[in-house]
Amino acid sequence: MSRFHPGGLFLAAALAVPALAAPPEHRLHLSFGGGAQAYLSNTRTMGGVGGSVGLKDVYRDFLLLEADASYLFLVGNVFSLRGGVGLQWPGLYSPAVSVNLGLMMGDRFSFLQPGMGSAGPTPSLTFGLVVSPLRFWTSRGIVSVLQLGAGLGTEFPGLGGSIYLGLLEISVPLN
Amino acid sequence: MRRLLLALVPLWGCAAPTLVDAELEALAVLAEEVDGDSLMATVTDFSEAHRTDTPIDCAQLGNVIERFCHLTRDASRDLMRSRLEALGYTVTTQITEDGLLSTTNLIAEKTGTTRPEEVVLIGAHYDAFFSGADDNSSGVAAVLELARLFSTRSFDRTVRFVGFDLEEMGLVGSTRYVGSVASNEPIVASIAFDCIGFTHPTQSSLPGLPSPKEGNFLAVIANGQSELRAQQTRLLNEALGGLVPLVGIIAPADGASPVAGNLMRSDHAPFWLAGREALFFTDTANFRNPNYHQQSDLPETLDPAFLRANVRLAAVTAAYFAGGPR
């Protein structure tokens with residue numbers, strides 16, 4: 001009696017795909033987004049609302065490599081850089097999750113608290129997780145209408161936290 | 001755009017603020033001379049002046065918040081003027097006629113010895129709701145105590161004491177004062193006192209504006225332009241052994257961002273908006289004081305030791321800014 005192995009079917013399907021369409025391994029996208037970001041610690045509060053521009057590479061339809069730069073306002077002028085790696089669900093409905101490293105610099109509320117040093121003008125650095133539950137992917141681009149993120153950063157002294165709310169991100173393919 | 005570019009310049013390694021030429025021994029003596037009993041007596045006198053004064057004619061305001069029918073200023077203005085004159089100061093007034101919103105700011109100066117053209121301004125509003133013990137007889141008492149201490153000392157810079165009118169109706173007096181100051185007059189530092197005598201076991205805060213859980217600290221609020229002054233205030237507090245628990249809050253840039261509204265609720269705000277330095281000393285008012293703008297804002301609700309500690313720090317800070325005492 002032969003034994004059926006589901007991996008064999010997957011392998012066969014995977015091998016068959018190049019023969020049918022031969023999609024590129026890397027799908028590079030230019031992204032434009034809007035939303036809010038904040039970094040909060042006992043020594044400073046930074047962030048605001050604004051827009052971003054970035055690059056996103058979808059590798060083999062499921063692996064994401066992404067980086068973006070944002071300008072934020074409401075709390076002065078703030079510049080944010082993020083870079084991350086993640087996974088997306090292949091298909092039209094393609095929710096995604098990614099981990100990223102974020103850097104925020106510029107204007108901020110600073111706090112001088114008893115027994116604590118001041119944050120100084122150095123950028124905040126956070127490591128965080130972003131989920132995109134309402135995300136759609138076609139050959140003509142990617143639309144994400146909600147992104148939620150949170151992260152932790154080292155503050156000297158203490159710990160800082162970041163939150164991220166993306167309201168809309170549109171990514172257009174470059175190849 | 002220039003501001004944005006400046007904001008993006010990384011400043012790693014930026015030198016920490018320091019106290020230059022601080023005469024710490026003389027400042028410590030000055031702090032020790034702050035008279036707590038006199039402060040509380042002054043608060044009591046001004047509270048009584050408000051309580052017995054005739055409020056503004058709020059009917060002219062139409063349908064307004066009821067507390068405006070308990071706003072007084074005439075008796076406290078006369079009292080502040082007489083107290084300054086009794087200390088030997090010549091008091092001038094800045095009068096603006098504007099019906100119910102007419103204002104009279106009181107101004108007295110201690111002329112500097114070596115840089116008299118440079119001004120350090122010490123101010124508080126003298127109008128108040130009901131008895132106004134914390135808001136703002138405590139601030140007026142601080143101005144008068146500094147005027148008393150400084151009257152017998154010399155400073156490099158001119159120290160200007162100002163009583164602002166109609167803060168409670170929208171920073172009217174201080175806005176007019178700032179508008180009247182020549183744009184090239186070098187006001188090198190300003191301190192505005194508003195509610196500096198109340199402590200409470202708990203403290204409210206806002207998201208993004210962390211604070212200690214106990215309401216026993218003095219908040220020193222600055223904008224980006226005034227950040228160095230806030231840092232110097234903190235350093236002076238530490239150098240003199242921690243006169244008072246101090247929390248500094250530095251709002252970004254000119255301090256006028258849409259989310260900084262709660263940090264702009266007193267007479268320092270017109271200075272910020274005019275591009276001038278100003279610090280705001282406060283106990284945070286309604287974020288800890290249940291008597292804020294109530295009939296219950298009475299002298300007996302204040303913490304005399306806290307008020308004295310705040311005025312001690314204010315005295316050494318103002319003296320340091322003014323280049324003295326000599």
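Please treat every number below as a calculation from the coordinates, not as lab data. Quantities reported herein were computed from a predicted structural model and do not represent experimental measurements. Here the Cβ positions follow ideal geometry from the backbone for every residue, glycine too, while neighbour counts run over all protein chains shown.
Details
- Loop-located GluC sites (Glu not before Pro) across the range B:85-117 with a Cβ neighbour count of 12 or fewer within 10 Å are B:97, with loop assigned by DSSP.
- The relative contact order of chain B comes to 23 percent, based on Cα pairs under 8 Å that sit 6 or more residues apart.
- Model label points for residue B:86 and residue B:63, set 7 angstrom from Cα along the Cα-to-Cβ axis, are 4.5 nm apart.
- Furthest towards positive pole of dipole, B:140, A:151, B:198, structure part the protein assembly as shown, Cβ charges: A:151
- Expected 222 nm ellipticity per residue - DSSP helices of 4 or more, -39500 (n - 2.57), all of the protein assembly as shown, to 500: -7500 deg cm²/dmol
- Residue-averaged beta-carbon neighbours from other chains (10 angstrom radius) around A:71-79: 5
- Gaussian network model of chain B, Cα within-10 Å springs - most flexible of B:212, B:270, B:55: B:212
- Average projection, convex hull of the Cα set of the range A:128-167: 3.2 square nanometres.
- Hydrodynamic estimate: the Kirkwood radius of chain B over Cα pairs, inserted into Stokes-Einstein at 20 °C and 1.002 mPa s, corresponds to D of 108 µm²/s.
- Taking the alpha carbon gyration tensor of the range A:37-173, multiplying each eigenvalue by 5 and rooting it gives semi-axes of 31, 14, 11 Å, largest first.
- Residues whose placed amide H lies under 5 Å from that of residue B:255, excluding near-sequence neighbours: B:224
- Simple label model, 7 Å out from Cα along Cβ direction - residue A:69 to residue B:326, nm: 5.2 nm
- Relative intensity, log₁₀ I(q)/I(0), of the range B:151-193 from a Debye sum that treats every alpha carbon as a point, q = 0.22, 0.27, 0.34 Å⁻¹: -0.88, -1.10, -1.30
- Measuring how big the range B:37-145 is from its alpha-carbon positions, Rg and Dmax come out at 15.2, 52 Å.
- For the protein assembly as shown, size of Cβ-based charge dipole, Lys and Arg +1, Asp and Glu -1, in debye: 2200 debye
- With viscosity 0.890 mPa s and temperature 25 °C, the Kirkwood radius over alpha carbon pairs of the range B:238-326 converts through Stokes-Einstein to a diffusion coefficient of 161 µm²/s.
- Shown is the FRET efficiency for residue A:159 and residue B:97, computed with R0 = 51 Å from the Cβ-Cβ distance and rounded to the nearest 0.05: 0.35.
- Couplings 3J(HN,Hα) for the range A:75-83, derived from phi with the Karplus relation 6.51 cos²θ - 1.76 cosθ + 1.60 (θ = phi - 60°), are 10, x, 9, 10, 10, 10, 10, 9, x Hz, where x marks Gly and Pro.
- Direction-averaged projected area, Cα convex hull, the protein assembly as shown: 31.0 nm², rounded to one decimal.
- Put a plus charge on the Cβ of each Lys and Arg, a minus charge on the Cβ of each Asp and Glu, and nothing anywhere else: the dipole of chain B about its Cα centre is then about 840 debye.
- In order along the range B:168-182, the Karplus-derived 3J(HN,Hα) couplings, from 6.51 cos²θ - 1.76 cosθ + 1.60 at θ = phi - 60°, round to 5, 9, x, 6, 5, x, 5, 4, 5, 4, 4, x, 8, 6, 4 Hz, and Gly and Pro are given as x.
- Extreme residue, positive dipole direction of the range B:154-312, given options B:166, B:262, B:299 (C-beta unit charges): B:262
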